[in-house]
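One structure below.
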């Protein structure tokens, strides 16, 4: 057993501290220690994007970040996207466009798309596809995901960036 | 047929949608129980070896380790033969794949399991288990495994030859044959004969969620399982069988599932986790790493296929011959039967012989993958058909139309088609905007192909209980992989005459719903939908009786339409009647259990435009249209989604995906970086055309749409590559090196 370290972070706008072993990934910490299981493990080596979270404004695959590296960081996960009872426009658009089938990759896609909007609120199809190239989906062929993101981009910019 | 439906054909938001876009939905690995231990499975580094000795003592001594198990902890299988939904199989094979006994048969084969206070400790402990192996020569492809003198995987595997046990031990578990008419006489009538041999690589279903389960062997002897599976009842029955428990002692709760495509039907982890739980007295979670998923779950067979078709000058197919050797992996049971049933099924050919070989090799035991066996087969057939069209100077779709299977056509495996939509699919391809738009530009080509999958029936159960507010709760047993809660609820809503939002569907555990087969075989919207339809009818029958009671009329005099019951000037809405259930006899619960025989097979087609870079051999998909007969599209957006998803998988299979094996039988690309599935950047939008030729075997005409769409893409892309680059591809994947090699061979200027 390794000695645990206290890590102080802000997760989805709330202060959050947790104890973890130095070898534990941020993905493990979020899922197994903090209890936020919306962030998914697909490969644990950074290649599928299912564990994508926003860390200090950048998207990262949380399986490649150590929990201890999150000290002092602001983290946004899929659980922090909706505003109260109101879904984020991306979430609503994913539902309306049938952009998920099994849904395991969906949190990663929504987080990645949110980060895209933060940089580029009106991406074209190619920009969307290029941005999402690190998020694998095996069910949809991406068609409806790309459409859902394009449709969300047409919504109120303030709402999308919120 | 122009039946007017209120609910069917609309596109409501799925009932589990909000949970799945907010991260609230609980998937296989998302369960956390008090006292939970984490497990790790030690796997073989060798493709073929005898296990000489296993010493687990050092692992057991590591602080934090609570249990270690090996095959010695499993009950003996003896010579029991079991049928767990995939046909009759020796239990020793299923048990042997869960934990290796005596020999390991592929790299990744499970050897021991460890449970500890954390996954890291469990992994550390597994590294302390000493296993001495006597490494044996391995064999990796069907043609090699069929050779005289090939390394033998199973010393007790006696070859079955055309239905008879031969007494001879080999790697060929089974050789079977389908025949129709007189093959020689057929080929004698042919003016053109094309014959080609094809090889396809092992590919993986590639679901994003790894296999995972959590098991608690309770103090009362009950075993509870929470897992990611396509079939909770298969997990229950298999786990009980391997552990030699009555099925009623095992309860399986299917968590949300992160993709399956056939690969989450077999059981890999649950018996091991159960034993670890029994030994430790605590719940145990076992999750595969991505590498484990590639090396130790069930990919789909690589294959070696020859197809020969003869046609008359005017384009009528007169004879067809096919031979399929499929790699089963470590244990018999390659999906060669389905492949052989489908390989020439799209065409009406009077003289046919199809030979199938089920061959074991030192690779993971294969599993189903979306229309299992049919995609390999159609790649071969559709390439040969394209070449015949070219030789005869006939449009490739006209040639297919001329020979298309229709109602009454007999397949070589004996089945006579009922109403099918093969002609309608080809007509829709011909009439599509895509096919009518000429393709221009250098190095570009268009390919077409069609495909068939027969779909499955299997039992399904459903109950519907009516609430006082006029809503209903629908309980069913089909894991929802792509929106089937909603496509099933829609069928109930249509019968009940209420909005689908008033139907609350729940996928239940094995204690709470009647037996339900796997979510597979494109059967869920068909069979569980039929159970929902029948259960809703049962509700309506009882509600009519209640209305009759209120009005003092005979129940047969009560009619219902769009949620209103009427008789003799009386009328009452579904909701008003629901309020009066207690006063008229108590709750109303409808139930149905079905095992439908009216399965309707599905045909699909693909039109694809590609550009082949003559310098690199890279193929780019420019435009792609998928066409499929849904029978009836209950939820058209989800039908399109199935077609687009199957197309994307077919494109990956065609162009990139393969198990890249070393000579020693180790997989060299077992990560999602090196096993290259299509990304968003690799694909265009995927156009869809839904054809609806109702299946007479379903009350709404449903056929099932999950699978047939993956069948034609590799053949269509191969044909497009031919028309772009002039080379006939005879292997999958058609990756840049393979296409380059073919181009060089053609120009006979291969650099030295």
Complete set of residues in segment B:39-49 that are surrounded by 22 or more Cβ atoms within 10 Å (Cβ to Cβ) and either within 9 Å of another protein chain (Cβ to nearest Cβ) or part of a loop (DSSP other than H, G, I, E, B) (or both): B:44, B:46, B:47, B:48
Given (1) within 14 Å of chain A (Cβ to nearest Cβ); (2) surrounded by fewer than 21 Cβ atoms within 10 Å (Cβ to Cβ); (3) in a strand (DSSP E or B), number of the condition residue B:291 does not satisfy: (3)
Single match in B:35, B:85, B:78 (criterion: farther than 27 Å from residue B:458 by Cβ, in contact (Cβ under 8 Å) with a residue 24 or more places away in the chain and assigned to a loop (DSSP other than H, G, I, E, B)): B:35
Residue check, residue B:536 under 30 Å from residue B:696 (Cα atoms) and without any contact (Cβ under 8 Å) to a residue 60 or more places away in the chain: no
Test set (1) touching a strand residue (DSSP E or B) at 6+ places or on another chain (Cβ under 6 Å); (2) within 8 Å of chain B (Cβ to nearest Cβ); (3) more than 27 Å from residue B:713 (Cα to Cα) - residue A:111 fails condition number: (2)
Within segment B:380-390, considering residues that are under 17 Å from residue B:445 (Cβ atoms) and in contact with a strand residue (DSSP E or B) (Cβ under 6 Å, 6 or more places away or on another chain), the one surrounded by the fewest Cβ atoms within 10 Å (Cβ to Cβ): B:387
Complete set of residues in segment A:67-85 that are within 13 Å of chain B (Cβ to nearest Cβ) and either within 17 Å of residue A:52 (Cβ to Cβ) or modelled with pLDDT of 95 or more (or both): A:67, A:76, A:77, A:78, A:79, A:80, A:81, A:82
Residue match in segment B:696-706 (condition: within 14 Å of chain A (Cβ to nearest Cβ) and either touching a residue at least 60 places away in the same chain (Cβ under 8 Å) or buried (at least 21 other Cβ atoms within 10 Å of the Cβ) (or both)): yes
Checking residue A:36 against (1) within 8 Å of chain B (Cβ to nearest Cβ); (2) closer than 22 Å to residue A:141 by Cα, the condition it does not meet: (2)
Meets criteria (at positive phi and either in contact with a strand residue (DSSP E or B) (Cβ under 8 Å, 6 or more places away or on another chain) or at pLDDT 95 or above (or both)) for residue B:186: no
Residue list for segment B:88-126, filter: assigned to a loop (DSSP other than H, G, I, E, B), in contact (Cβ under 8 Å) with a residue 60 or more places away in the chain and over 28 Å from the mean Cα position of the chain (by Cα): B:117, B:118
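With respect to residue B:683, is the statement that it is more than 10 Å from every other protein chain (Cβ to nearest Cβ) and under 22 Å from residue B:205 (Cβ atoms) true?
Against the criterion (more than 10 Å from every other protein chain (Cβ to nearest Cβ) and under 22 Å from residue B:205 (Cβ atoms)), residue B:683 does not qualify.
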Verdict on residue B:112 being crowded, with 23+ Cβ neighbours inside 10 Å and modelled with pLDDT of 95 or more: yes
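If I ask for residues that are part of a loop (DSSP other than H, G, I, E, B) and under 15 Å from the mean Cα position of the chain (by Cα), which ones from segment A:9-24 would you list? Give the steps one after another, and end with the answer.
Residues of segment A:9-24 that are part of a loop (DSSP other than H, G, I, E, B), as a first pass: A:12-13, A:21-24.
Residues satisfying the conditions are A:12, A:13.
Conditions tested, residue by residue: (1) within 21 Å of residue B:218 (Cα to Cα); (2) over 32 Å from the mean Cα position of the chain (by Cα); (3) modelled with pLDDT under 95.
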residue: B:1; (1), (2), (3): no, no, yes
residue: B:10; (1), (2), (3): no, no, no
residue: B:16; (1), (2), (3): no, no, no
residue: B:30; (1), (2), (3): yes, no, no
residue: B:48; (1), (2), (3): no, no, no
residue: B:65; (1), (2), (3): yes, yes, no
residue: B:69; (1), (2), (3): yes, no, no
Some residue of segment B:718-739 being part of a helix (DSSP H, G or I), away from chain A (no Cβ under 14 Å) and under 21 Å from the mean Cα position of the chain (by Cα): no
Single unsatisfied condition, residue B:29 versus (1) within 14 Å of another protein chain (Cβ to nearest Cβ); (2) touching a strand residue (DSSP E or B) at 6+ places or on another chain (Cβ under 6 Å); (3) not in a helix (DSSP H, G or I): (3)
Residue match in segment B:201-216 (condition: surrounded by fewer than 24 Cβ atoms within 10 Å (Cβ to Cβ), free of Cβ contacts under 8 Å to residues at least 24 places away in the same chain and either in a strand (DSSP E or B) or in contact with a helix residue (DSSP H, G or I) (Cβ under 9 Å, 6 or more places away or on another chain) (or both)): no
Residue in segment B:250-269 that is in the same structural domain as residue B:73 (by TED's automatic domain parsing) and assigned to a helix (DSSP H, G or I) present: no
Residue under evaluation residue A:43, criteria (1) within 11 Å of another protein chain (Cβ to nearest Cβ); (2) within 22 Å of residue B:26 (Cβ to Cβ); (3) crowded, with 24+ Cβ neighbours inside 10 Å, criterion not met: (3)
Checklist (1) over 25 Å from the mean Cα position of the chain (by Cα); (2) more than 30 Å from residue B:139 (Cβ to Cβ); (3) crowded, with 24+ Cβ neighbours inside 10 Å applied to residue B:746, failing item: (3)
Residues (surrounded by 18 or more Cβ atoms within 10 Å (Cβ to Cβ) and closer than 21 Å to residue A:5 by Cα) located in segment A:56-65: A:62, A:63, A:65
Selection count where residues are touching a strand residue (DSSP E or B) at 6+ places or on another chain (Cβ under 9 Å) and touching a residue at least 40 places away in the same chain (Cβ under 8 Å), scope segment B:413-468: 39
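The values are calculated or read from the model by the stated rules, or taken from the named source; none is laboratory data. Computed from a predicted structure; not experimentally measured. A quick note on method: Cβ atoms are made from the backbone with ideal geometry, for glycine too, and the neighbour counts reach across all protein chains shown.
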